[in-house]
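Below is one structure, written out as C-alpha cells; comments come after it.
The numbers here are math on the coordinates, done by the rules we state, and not lab data. Treat the numbers as computed from the prediction; the structure is a model and nothing was measured. Positions of Cβ are backbone-derived with ideal geometry, glycine not excepted, and every protein chain shown enters the neighbour counts.
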Amino acid sequence: MPSSTLRIQRAVGYLRGDRVLPQLIRFSLVGGSSNIAYVALFFALHRVGPLIANIVGSVVSTIIANELHRQLTFHAAERVGWFTTQWEGGGLALLGLAITTAALAALGVWAPGLGDIAQALAVLTITAIVGGIRFLALRDLVF
C-alpha cells in the first residue's frame, strides 16, 4: 500500500476518533451544516413571515444538529436516547441564545457607538465563546 494512502487512512481514522480535537472538528462541521439548514429553511418559509421562518428554522436546525452531535460528533447513539439529546441539547441551545442575546444587549448599552466592523467582531467572539462552552457542555454533560 502506498505511503500516501496509509497517511490518508490514518488521518481519517484519527478524525473518526473520540479525542477532543476530532470531536471539535466534527462539532464545527455539524454546526456549519445546521446553519446551512437554517438558512435554507428560513428562505423557504420567508413568504409566511420572517418571525415564523426564524422560529421554524431555529427549531428544526437545532434538532438536526443535536441528532448529528449524538450520532457523529460524540458517537453517543448507544448511550444517549433521542429525547434526552433533544431535551438537554435544546436546553443548552436556548441557554446559548440567552447568553448571546444578553451579551449583545450589554454591548449596546456599554458601547453604543461601536462601529459595524467592531460590532461584527464582537458578535463573532461572543458566538465563538458560547459555541466553545456548548461543545464542552455537550461533551461532558450530555454525551
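Can you tell me what percent of all Cα-Cα pairs in region 3-142 are more than 24 Å apart? Write down the numbers at each step before the final one.
Working: 4121 of 9730 pairs.
Looking at region 3-142, the distances longer than 24 Å represent 42 percent of pairs.
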- [ ] Have a look at Ala111, Gly57, Ala98 and report the one farthest towards the positive end of the charge dipole of the chain, computed about the Cα centre with Cβ charges (Lys/Arg +1, Asp/Glu -1).
- [x] Gly57
Task: Extension gain (nm, one decimal) between Val123 and Leu15, 0.36 nm per residue minus Cα-Cα - done: 36.0 nm
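Report the extension gain between Leu24 and His75 in nm, rounded to one decimal, defined as 0.36 nm multiplied by the number of residues separating them, less their alpha carbon distance.
Working: separation 51, 0.36 × 51 = 18.36 nm, distance 1.27 nm.
Between Leu24 and His75, full extension yields 17.1 nm more.
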Open item on the list: So the label point goes 7 Å from the Cα of Trp82 along Cα→C-beta, right? Which residues of region 54-73 then have their backbone N under 18 Å from it?
Closed with: 59-73
Task: Separation between Cα centres of region 91-116 and region 2-58, rounded to whole Å - done: 24 Å
Task: Separation in nanometres of the label points that stand 7 Å from Cα toward Cβ, at Leu136 and Ala44 - done: 3.6 nm
Task: Helical contribution to [θ] at 222 nm, DSSP H n ≥ 4, -39,500 (n - 2.57), averaged over the chain, rounded to 500 - done: -26500 deg cm²/dmol
- [ ] Please give the peptides 30-37, 8-15 ranked by average Cβ packing (other Cβ atoms within 10 Å per residue), highest first, as a rough proxy for protection.
- [x] 30-37, 8-15
Open item on the list: Please report, ordered by residue number, every helix of the chain (full DSSP H runs) that is 20 Å or longer along its axis going by C-alpha atoms and whose mean Kyte-Doolittle hydropathy reaches 0.5.
Closed with: 20-45, 50-68, 82-110, 116-137
